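Beneath this line is the structure, given in structure tokens, with notes to follow.
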Amino acid sequence: MFENLMNKLDLVELTQSYLIPWGINIAIAFIIFFVGRIVISVIHKVLGKVLTRFQVKVILVEFTQQVMRSLLFVLLIIAVLSQLGFDTTSLVAVLAAGSLAVGLALKDSLQNFAAGVMLIILQPFKEEDFVEVAGHMGMVEKVMLFSTLLRTPDNREITIPNGQIYAEPLVNYSARDTRRLDLIFGIDYNSDLRKAKQILQDIVAADERVLKEPESLVVVSELADSSVNFTVRAWVSTDDYWPLKFELLERVKLAFDDQGIEIPFPQMSLHFQQDIAQMMAAKPEMKETV
């Protein structure tokens, strides 16, 4: 009978000292976990709506949501373990050391990621823009978090790390609706200067794709070694830049040919003084020596 009483006392003490406190801690831990899951889900949705309202790209919105969700979930697990009585100090230290090691190992990747985030936020170019960056020219196919995909005019794909794009000067040929078309035409010194200028002015004025404002310009820009150079400047729509450039080059060449305007090519002329020529004719031995 005494032993039964002692067993009952031990069971009561065990229940009061361990089972009830542990049960309460486990119940609170479950409540923290489930409430935390709900809070994380709400933050995930609110963050997505806020970023979307600020017109942030979908890829960055999704990535930010996932990063925030992962960080909050780690904090939730630490809170649950702390409620259950585990010492989370060492766990936090391990996570911090691991994050540092991963950061050092992925330094270049993190640099590309940071550059990708800045490119997506600042948007110096967008998809289908024609750009020149890191020594390459092409149309932007896709802007990703770590790299950007370009398609060259000859239909090649070039993947450029975002770190290189953000670190070097970038030329966006599609950023503006209009571009200035600059062409240089050289004519022979013996050709009719006024006629050549009139031909250039008529060709530029006849094309409807050339904008009226700003006004086009046809001027003599240089008296070069073997040619008189005209500079033609015309403002056009960005989409018409390359087609119009190729067509103007062809039209000017054909018009110059029809009107007898010569386009010189590099050449060298040798001129002998008359007395030297006469001496060589008078003394054949000097001619042979020369």
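Some observations on this one:
- Residue identified as among the hydroxyl-bearing types (Ser, Thr, Tyr) and modelled with pLDDT of 85 or more among Ser41, Ser17: Ser41
- Matching entry among Ser226, Ser221, Ser269, Ser191 (being small (Gly, Ala, Ser), at pLDDT below 95 and either within 26 Å of Glu128 (Cβ to Cβ) or part of a strand (DSSP E or B) (or both)): Ser221
- Look at segment 26-55: where a residue is touching a residue at least 24 places away in the same chain (Cβ under 8 Å) and a partner is basic (Lys, Arg) and surrounded by 12 or more Cβ atoms within 10 Å (Cβ to Cβ), sitting 6+ places away or on another chain with Cβ atoms under 7 Å, you get Ile40/Arg69; His44/Arg69.
- Qualifying helices (runs of 4 or more DSSP H) (wholly inside segment 53-129; at least 3 residues being modelled with pLDDT of 75 or more): 58-83, 107-122
- Segment 130-163 - residue that is of a type in the set (Gly, Ala, Ser) and in a strand (DSSP E or B) and, of those, modelled with the lowest pLDDT: Ser147
- Any hit, segment 154-174, residues being touching a Phe, Trp or Tyr at 6+ places or on another chain (Cβ under 8 Å) and under 16 Å from Phe113 (Cα atoms): yes
- Single residue of segment 172-230 satisfying the filter (of a type in the set (Lys, Arg) and touching a residue at least 24 places away in the same chain (Cβ under 8 Å)) that is surrounded by the most Cβ atoms within 10 Å (Cβ to Cβ): Arg179
The values are calculated or read from the model by the stated rules, or taken from the named source; none is laboratory data. Computed from a prediction, not measured in an experiment: that's the story for all the values here. Cβ coordinates were reconstructed from backbone atoms using ideal geometry, including for glycine residues, and neighbour counts include every protein chain displayed.
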